[in-house]
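Q: This structure is in structure tokens; I'll ask about it shortly.
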Amino acid sequence: MFGCTSYQGVFTREGFFRGAALLAGEPGDDLHVAAIAHRASAHDAREKAGASCRELVAELKGKPSLILMHATPGFEERIVEGIESAVGRDVAIFGGSAADDSVAGDWHVFAGTTIVDQGFALAAFSSPEDIYGGFLGGFLPTPHSGCVTKSEGRKVLEIDGLPAALVYNEWTGGIIADELRTGGVVLFKTNLQPLGRVVDETMGVPMRVLCHPHEVTGSALTFFAEIPAGEEITLMLGSQTQLMSRMGKVIERAVGGKRIGLSLKGGLFVYCGGSLGVILDRAAEISREFTKGAGDIPFVGVATFGEQGCFVGKRKANRHGNLMCSAVLFGGK
């Protein structure tokens, strides 16, 4: 048993509700799973995630098909690095960061009897059947773009040599003008206007990971994901319509051209809590969109404060982002 806390509720075939939801596997599913949770900090998360993955590989007696990751917010990139140090970059990572209802730090991840409020839970899956995964932002690029010229981890200080918060405020028509004077959290002002950076492309279409502006400190802008100096960034734009339709699109991305005749027996999905906040009164429709795309299979979905997934374009690229969604689908006969 493994999982994490979710923003405002959980998704199932019955809709969206407050409480606990569980997706159970049976011996006949021919799905092998090993899970582990550890307390960790930004300082030691890479090392501990790598060591944990080596334990999971030993328990499964081989490299897994896919790893599901649940972390507490703050250092997800280090956990992805740790996983890849143990199993390589050819193993896809999907998951979501634990959430609470008010960004107050009341989040937890767990595996077995281990429950932590700072750290990670990892579950490794192997199966003779296919396991499909998709990762998607679903936002559209605007004409506003630039280069990050100075950053420190998740804090962007300059874009094109100018103060980052001032540039973002100008691009968005002044949505963080008040915080430029006072500082402060801007999560619920910026959840339809993240920054995107290209990490790969497929058939000439850029694949972007999204980064959600979190807080204005002076003239700097802090995000829920790292943006290294030298990265080209673009202001992205979302809408309620796009947020509702992207669940079907992420399922299409997961299964590719194999949808006709495809047999699925269960699924998991991750949906950003910041995006869900925009359409919370329509949350049950997201569950219906999943069923529409994947079929009437059992599933659970979690609303998270950070999303991890694997882009498959010219190469595999496991990434941590924000305001995104992912789906993991288990094939079967």
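The values are calculated or read from the model by the stated rules, or taken from the named source; none is laboratory data. This one's a predicted model, so the numbers in the text were calculated from it and none came from an experiment. Here Cβ is always computed from backbone atoms with ideal geometry, including for glycine, and neighbour counts include all displayed protein chains. Note: accessible area is taken over every heavy atom of the protein model, side chains too, but ligands, DNA and RNA are not part of it. Shrake-Rupley method; radii C 1.70, N 1.55, O 1.52, S 1.80 Å.
Q: Working only within the stretch 221-233, note down all residues that are within 19 Å of the chain's Cα centre (by Cα) and crowded, with 22+ Cβ neighbours inside 10 Å.
A: F223, F224, A225, I233
Q: If you take the residues of the stretch 278-309 that are among the small types (G, A, S) and modelled with pLDDT of 95 or more, which of them is most open to solvent (accessible area, probe 1.4 Å)? Show your work before the answer.
A: So in the stretch 278-309, the residues among the small types (G, A, S) come out as 283-284, 287, 293-295, 301, 303, 306, 309.
The next check asks that each one be modelled with pLDDT of 95 or more; those that pass are 283-284, 287, 301, 303, 306, 309.
Working: A283: 2, A284: 38, S287: 2, G301: 5, A303: 0, G306: 1, G309: 1 Å².
The qualifying residue most open to solvent (accessible area, probe 1.4 Å) is A284.
Q: Return the residue satisfying two criteria in turn: it lies in the stretch 112-131 and is open to solvent by 10 Å² or more (accessible area, probe 1.4 Å) and small (G, A, S), and of such residues it is nearest to D44 (Cα to Cα).
A: Restricting to residues being open to solvent by 10 Å² or more (accessible area, probe 1.4 Å) and small (G, A, S), the top hit is G112.
Q: Name the single residue, out of those in the stretch 99-111 being at pLDDT 95 or above and either closer than 15 Å to I36 by Cβ or in contact with a strand residue (DSSP E or B) (Cβ under 9 Å, 6 or more places away or on another chain) (or both), that is surrounded by the most Cβ atoms within 10 Å (Cβ to Cβ).
A: Only one residue tops the list, namely V109.
Q: Being in a loop (DSSP other than H, G, I, E, B) and not hydroxyl-bearing (S, T, Y) is the filter here; which residues of the stretch 48-80 pass it? Let's see the steps before the verdict.
A: Taking the stretch 48-80 as the starting set, the residues that turn out to be in a loop (DSSP other than H, G, I, E, B) are 61-65, 72-75.
Correct list: K61, G62, K63, P64, P73, G74, F75.
Q: Additional query: In the stretch 13-47, what residues are outside any loop (DSSP other than H, G, I, E, B) and surrounded by fewer than 19 Cβ atoms within 10 Å (Cβ to Cβ)?
A: From the stretch 13-47, those outside any loop (DSSP other than H, G, I, E, B) are 15-17, 27-29, 32-39, 45-47; that's our starting set.
G15, F17, P27, G28, D29, H32, V33, R39, E47, listed by residue number.
Q: Pairs needed: first member in the stretch 230-246, within 10 Å of F139 (Cβ to Cβ); second member anywhere, open to solvent by 40 Å² or more (accessible area, probe 1.4 Å) and of a type in the set (D, E, K, R); C-beta distance under 9 Å; at least 6 residues apart or different chains.
A: Qualifying pairs under 9 Å: T234/R208; M236/R208; L243/R282; R246/E289.
Q: Still on this model: Examine the stretch 279-301 for a residue that is in a loop (DSSP other than H, G, I, E, B) and either at positive phi or in contact with an Asp or Glu (Cβ under 6 Å, 6 or more places away or on another chain) (or both), and state whether such a residue exists. So that I can check it myself, show each step before the final result.
A: Residues of the stretch 279-301 that are in a loop (DSSP other than H, G, I, E, B), as a first pass: 295-298.
Still in the running and either at positive phi or in contact with an Asp or Glu (Cβ under 6 Å, 6 or more places away or on another chain) (or both): 295.
Yes, some residue in the stretch 279-301 is in a loop (DSSP other than H, G, I, E, B) and either at positive phi or in contact with an Asp or Glu (Cβ under 6 Å, 6 or more places away or on another chain) (or both).
Q: Assuming A220 fulfils every condition listed in (1) at pLDDT 95 or above; (2) under 30 Å from G295 (Cα atoms) apart from one, which condition is it?
A: All conditions pass for A220, except number (2).
Q: On to the next question. From the list P73, P141, exactly one residue is modelled with pLDDT of 95 or more and over 30 Å from G19 (Cβ atoms). Which is it? Working first, answer last.
A: Values: P73 fails: over 30 Å from G19 (Cβ atoms).
On inspection, the qualifying residue turns out to be P141.
Q: Have a look at G82, G96 and point out the one that is touching a His at 6+ places or on another chain (Cβ under 9 Å), open to solvent by less than 10 Å² (accessible area, probe 1.4 Å) and of a type outside the set (S, T, N, Q).
A: Details: G82 fails: touching a His at 6+ places or on another chain (Cβ under 9 Å).
When all the criteria are applied, what remains is G96.
Q: Name the single residue that is farthest from N322 (Cα to Cα) among those in the stretch 194-213 being of a type outside the set (G, A, S), free of Cβ contacts under 8 Å to residues at least 60 places away in the same chain and open to solvent by less than 40 Å² (accessible area, probe 1.4 Å).
A: R197
Q: Further question on the same structure: Can you say whether R246 is crowded, with 20+ Cβ neighbours inside 10 Å, over 17 Å from A165 (Cβ atoms) and in contact with a Ser or Thr (Cβ under 8 Å, 6 or more places away or on another chain), as far as the supplied structure shows?
A: On the way: crowded, with 20+ Cβ neighbours inside 10 Å: yes; over 17 Å from A165 (Cβ atoms): yes; in contact with a Ser or Thr (Cβ under 8 Å, 6 or more places away or on another chain): no.
No.
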